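Below is one structure; the comments refer to it alone.
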Amino acid sequence: MSISIINIINNADPDDDECVILVVEEDINLGNYAIRDHTYDDDGDVSDIFPHYYEFPHKAVKKGEIIVLYTGTGKDGSYKNAEDTNVHAFYWGSDESIWNNSGDQAILLRIKYLQTYTIPDETEE
């Protein structure tokens, strides 16, 4: 894959820097990627009762740059870190922690094809 997850910072508070950190391995458009979570029940089985899904916006990023997906709210933007690397920050907008349990997994998805269909409003004629 063209980007990789390199770390997850988990906290009980989504606005306390809880995030997924990724590194770009080749020039790409982030709009082709999404992240979702896997959660597990007490027996260690996948539960996914309330899955979380984040689709990145279309944005060109270059090899070596860092992507940080914060769980909480904020304003998307880019900056240079102490090592002079471009960092692109995105915000999921969740009021709840996502990476709050040991064993939770972040799944990085590359979306090759996407089709959407909207259910028509039954009140429209």
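The values are calculated or read from the model by the stated rules, or taken from the named source; none is laboratory data. Just so it is clear, the model here is predicted, and its values are computed rather than measured. Every residue, glycine as well, gets a Cβ built from its backbone with ideal geometry; the counts of neighbours run over all protein chains shown.
Looking across His52, His88, His38, His58, one residue alone is touching a residue at least 60 places away in the same chain (Cβ under 8 Å) and either touching a Cys at 6+ places or on another chain (Cβ under 7 Å) or under 27 Å from Leu114 (Cα atoms) (or both). It is His38. Here Ala82 clears all of (1) more than 16 Å from the chain's Cα centre (by Cα); (2) modelled with pLDDT under 85; (3) among the hydrophobic types (A, V, I, L, M, F, W, C) except the condition numbered (2). Could you pull out the residue among Lys59, Lys112 that is touching a helix residue (DSSP H, G or I) at 6+ places or on another chain (Cβ under 8 Å) and at pLDDT below 95? Of the residues listed, the single one that is touching a helix residue (DSSP H, G or I) at 6+ places or on another chain (Cβ under 8 Å) and at pLDDT below 95 is Lys112. Considering the range 4-20, and only residues there that are under 12 Å from the mean Cα position of the chain (by Cα) and crowded, with 16+ Cβ neighbours inside 10 Å, the residue that is nearest to Ser97 (Cα to Cα) turns out to be Glu18. One residue is enough: does the range 8-29 have a residue meeting the conditions in contact with a helix residue (DSSP H, G or I) (Cβ under 6 Å, 6 or more places away or on another chain) and either free of Cβ contacts under 8 Å to residues at least 60 places away in the same chain or of a type in the set (A, V, I, L, M) (or both)? No: the range 8-29 contains no residue that is in contact with a helix residue (DSSP H, G or I) (Cβ under 6 Å, 6 or more places away or on another chain) and either free of Cβ contacts under 8 Å to residues at least 60 places away in the same chain or of a type in the set (A, V, I, L, M) (or both).
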